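First comes the structure, then the notes that go with it.
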Amino acid sequence: YRAKATGAGHVCYRPEMGSELAERMELARKLQRALSEDKLELHYQPKVCLRTGKLVGAEALLRWHDPERGWISPATFIPVAEARDIIGVLGKWVLRQACRQLKAWQDAALAFPGRLAVNVSARQLDEAGVADSIQAIVRDEGLAPSDLELELTESGVMHHVERAIEIMKTLKRAGFALAIDDFGTGYSSLSYLKRLPVDKLKIDMAFVRDMLKDHHDRTIVTTIIGMARNLDLDVIAEGVEEVAQAETLRAMGCDEAQGYYFGRPVTAEVFAQQWLTPAMQAACVE
Ligand code: C2E
Ligand code: MG
Ligand code: MG
Ligand code: MG
């Protein structure tokens with residue numbers, strides 16, 4: 001049991017700590033089972049070009065429906081997977097599944113534009129040979145690294161920055177595009193940003209959410225877009241829910257956007273119907 005030291009120097013056990021721990025262990029056990037029984041699935045959210053409004057890619061997002069507990073958010077179970085060493089196997093499953101889906105769309109001649117983005121936890125980078133295993137999965141599934149974009153959170157990268165930079169260099173050389181997710185929340189300095197071999201910054205949705213009301217958030221968004229331009233990086237805003245946000249971002253020179261305003265994460269089937277139909281494909285030809 002975890003215990004908390006009080007100011008008086010006593011150690012006091014809080015019952016909710018025990019149940020929190022039991023809760024996490026239970027979640028980890030269920031997650032492991034869901035993973036081995038292939039009960040997880042990926043949903044896909046469109047990314048659009050703010051200048052043309054056209055589809056430029058998608059992000060694969062993990063979904064878990066537990067028969068007893070209903071939908072469990074990745075914001076809840078990814079940290080559990082990271083803490084309990086499930087993330088390695090889980091991350092490989094996600095990448096393989098995303099590759100299979102993209103391959104299926106390609107084989108069905110559904111022209112998927114751009115790259116399919118997959119989230120990679122920084123904890124996955126701790127595993128020996130991770131760059132090789134990522135490349136092997138992509139090759140096995142008949143795709144090329146240039147079909148994919150890997151999203152790494154800024155805070156995760158900064159946690160083990162030297163190791164992260166080495167692995168990112170290897171992946172970039174292999175042909176993957178790399179994006180820094182949740183950018184603006186992870187305290188990376190400009191000097192690190194210059195050293196990170198990335199192609200794209202994803203502005204964290206916390207800044208996008210309030211940018212029309214909060215002067216400081218707006219300044220942060222403007223600054224990130226300017227920084228990206230000066231460093232020759234692409235920039236995408238996440239969490240765009242309103243047309244006014246999309247218009248403001250476009251006027252600020254933001255390249256791409258993702259958010260409920262354009263489309264929610266949906267199953268592969270719905271994604272193909274909504275975004276990869278012949279009409280949409282025609283609309284996607286430059
Ligand atoms: P993220 O990678 O930053 O993904 C964006 C999150 O914002 C997703 O939440 C998405 O559903 C949500 N979102 C998209 N548009 C909007 C919007 O307009 N408004 C709001 N309020 N939310 C929006 P989700 O799917 O719950 O995922 C949460 C986080 O869990 C992700 O954040 C990512 O860090 C992690 N995650 C999800 N799937 C995976 C995965 O396959 N592997 C790893 N390592 N992490 C994952
Ligand atoms: Mg992401
Ligand atoms: Mg994000
Ligand atoms: Mg996020």
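The values are calculated or read from the model by the stated rules, or taken from the named source; none is laboratory data. Keep in mind the model is a prediction, meaning the values are calculated, not measured. Reconstructed Cβ throughout: ideal geometry from the backbone, glycine too, with neighbour counts over all protein chains shown. For accessibility, only protein heavy atoms count, side chains too; no ligands or nucleic acids. Shrake-Rupley method; radii C 1.70, N 1.55, O 1.52, S 1.80 Å.
Structural remarks
- Residue selected from the stretch 250-273 under the condition open to solvent by 50 Å² or more (accessible area, probe 1.4 Å) and without any contact (Cβ under 8 Å) to a residue 60 or more places away in the chain, by the criterion nearest to residue 52 (Cα to Cα): 251
- Restricting the stretch 47-76 to residues that are of a type in the set (A, V, I, L, M, F, W, C) and touching a Lys or Arg at 6+ places or on another chain (Cβ under 9 Å) leaves a set whose member that is surrounded by the most Cβ atoms within 10 Å (Cβ to Cβ) is 58.
- The single condition among (1) closer than 24 Å to residue 178 by Cβ; (2) open to solvent by 40 Å² or more (accessible area, probe 1.4 Å); (3) touching an Asp or Glu at 6+ places or on another chain (Cβ under 7 Å) that residue 204 does not meet is (2).
- Within the stretch 92-106, the presence of at least one residue that is under 16 Å from the mean Cα position of the chain (by Cα), within 16 Å of ligand 4 (Cβ to nearest atom) and either at negative phi or of a type in the set (S, T, N, Q) (or both) is confirmed.
- Residue match in the stretch 139-160 (condition: free of Cβ contacts under 8 Å to residues at least 12 places away in the same chain, under 19 Å from the mean Cα position of the chain (by Cα) and within 16 Å of ligand 4 (Cβ to nearest atom)): no
- When the residues of the stretch 145-169 are filtered to those that are open to solvent by 50 Å² or more (accessible area, probe 1.4 Å) and assigned to a helix (DSSP H, G or I), the one that is nearest to residue 59 (Cα to Cα) is 146.
Residue-wise test of (1) assigned to a helix (DSSP H, G or I); (2) over 23 Å from residue 158 (Cα atoms); (3) modelled with pLDDT of 95 or more; (4) hydroxyl-bearing (Ser, Thr, Tyr).
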{"site": "222", "(1), (2), (3), (4)": "yes, no, yes, yes"}
{"site": "225", "(1), (2), (3), (4)": "yes, no, yes, no"}
{"site": "245", "(1), (2), (3), (4)": "yes, yes, yes, no"}
{"site": "249", "(1), (2), (3), (4)": "yes, yes, yes, no"}
{"site": "259", "(1), (2), (3), (4)": "no, yes, yes, no"}
{"site": "269", "(1), (2), (3), (4)": "yes, yes, yes, no"}
{"site": "272", "(1), (2), (3), (4)": "yes, yes, yes, no"}
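- Yes/no for residue 186 being at pLDDT below 95 and open to solvent by less than 70 Å² (accessible area, probe 1.4 Å): yes
- Test for residue 136: is it in a helix (DSSP H, G or I) and free of Cβ contacts under 8 Å to residues at least 12 places away in the same chain: yes
- Being in contact with a strand residue (DSSP E or B) (Cβ under 6 Å, 6 or more places away or on another chain), in a helix (DSSP H, G or I), free of Cβ contacts under 8 Å to residues at least 60 places away in the same chain and away from ligand 1 (no atom under 12 Å from the Cβ) is a condition met by no residue of the stretch 213-220.
- Here 238, 242 are screened, and the one residue that is within 16 Å of ligand 1 (Cβ to nearest atom), among the charged types (D, E, K, R) and open to solvent by 30 Å² or more (accessible area, probe 1.4 Å) is 242.
- Any chance residue 233 is on the phi < 0 side of the Ramachandran plot, surrounded by 15 or more Cβ atoms within 10 Å (Cβ to Cβ), away from ligand 1 (no atom under 16 Å from the Cβ) and not aromatic (Phe, Trp, Tyr): yes
- Pairs, first part of a helix (DSSP H, G or I) and modelled with pLDDT of 95 or more in the stretch 62-80, second basic (Lys, Arg) and within 13 Å of ligand 1 (Cβ to nearest atom), C-beta under 8 Å, six or more apart: 74/63
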